[in-house]
Amino acid sequence: MDSSTRRTIPPTDAFRDEWLALQLPYPTPDANKYSRGKLFAFAGSETYPGAALLAADAALISGAGYVQVVTDKSVIPLVIAHRPSVVATDFSDWTTDKYQSSRTGKPCAYLVGSGFDSNDAALRRRVFDVLAHSKAPVLVDGGGLSFLTSFDAKALLESRGKQGYPTVLTPHAGEAARLCTSFAGDDEALARKLANDYRATVALKGPVTYICDGENLYRMDKGTSALAKAGTGDVLAGMIGAFLAQGLEPFTACALGCRVHAQAGREAAAKVTAICVTAEDVIEAIPEAIRVVRSFAERTISV
């Protein structure tokens, strides 16, 4: 499906499955691995190595042309053994000159925080460095979210917004509570407040997921409790990161990522039952979920 079938973000009431299906970033006939988008995934740690594998897997299967994991040296052999097509780089080998800008023909995006230990000061610096030096969309997930409450972090997010570089946050309820203390409203209001307070597009994950960029809001209620397993958030981060890397606008990338992720959870549950679904099962179900979501567009357009 080419870009002529896409539109800019429509009003909230236009967010039907049919519209989301039209946002699927099918490659053009002349595509190459760079034009399909590069995701830099700063993910995993000695404490939580699996997050890097899950996020990278999900990103590749969701269409990113190139995935580079930047992680703890102890995680690199696991990444390479699990998925040889992923490039793996040691944190200590990453320098500021290696940051790439997203540009026409070579889009890219950054994911940071999945599998980070929130008590690790070195990982805190990684999050700040990514926010400061990435001239591209940045998705902050997992342990990385815990570092955003300081004045310095909010100043970085404000600066990114003024320069036109999008930031995406993907908190679950517990992480959202730490980002926005003493908030008494419902989840919809919380998503709006987080988006405005942090100048970001927010995917507030839960039984119903709310995606908000401060103006637009999408209520995604197609999820399943089968997704209530460790690691499924890392999978979602990789999926949204892949859609950002392929050039989708942040709100659209979050809405599409959450919808396909929910469908993958349903497909996995149909195969192995809701009891047995694991994060790995969700990744395996992404292709079928994309086929199902694509079929929604066939109601209104021939693809």
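The values are calculated or read from the model by the stated rules, or taken from the named source; none is laboratory data. Quantities reported herein were computed from a predicted structural model and do not represent experimental measurements. Please note: Cβ atoms are built from the backbone with ideal geometry, for glycine as well, and neighbour counts cover all protein chains shown. In case anyone asks, the SASA skips ligands and DNA or RNA and just uses the protein heavy atoms, side chains included. Shrake-Rupley method; radii C 1.70, N 1.55, O 1.52, S 1.80 Å.
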- Task: Filter region 89-112 for residues that are free of Cβ contacts under 8 Å to residues at least 24 places away in the same chain, under 21 Å from the mean Cα position of the chain (by Cα) and in a strand (DSSP E or B) and give the result.
- Result: T89, R103
- Message: Conditions first: (1) in a helix (DSSP H, G or I); (2) open to solvent by less than 50 Å² (accessible area, probe 1.4 Å); (3) closer than 29 Å to S102 by Cβ. Y218 passes all but one, so which condition is the exception?
- Response: (1)
- Query: Looking at region 196-215, which of its residues are of a type outside the set (K, R) and under 21 Å from G143 (Cβ atoms)?
  - Reply: D197, Y198, A200, T201, V202, A203, L204, G206, T209
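Every residue, every condition in (1) open to solvent by less than 40 Å² (accessible area, probe 1.4 Å); (2) aliphatic (A, V, I, L, M); (3) closer than 21 Å to D129 by Cα, yes or no:
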{"residue": "T167", "(1), (2), (3)": "yes, no, yes"}
{"residue": "A177", "(1), (2), (3)": "no, yes, no"}
{"residue": "F183", "(1), (2), (3)": "no, no, no"}
{"residue": "E188", "(1), (2), (3)": "no, no, no"}
{"residue": "A191", "(1), (2), (3)": "yes, yes, no"}
{"residue": "T201", "(1), (2), (3)": "yes, no, yes"}
{"residue": "P207", "(1), (2), (3)": "no, no, no"}
{"residue": "I211", "(1), (2), (3)": "yes, yes, no"}
- Note on the structure: Scanning region 170-199 residue by residue, those of a type in the set (S, T, Y) and within 20 Å of the chain's Cα centre (by Cα) turn out to be T170, Y198
- Filter result (open to solvent by 10 Å² or more (accessible area, probe 1.4 Å), farther than 17 Å from L123 by Cβ and touching a residue at least 40 places away in the same chain (Cβ under 8 Å)) within region 37-56: K38, L54
- Of the criteria (1) modelled with pLDDT under 95; (2) under 29 Å from V293 (Cβ atoms); (3) of a type in the set (V, I, T), which one V202 fails: (1)
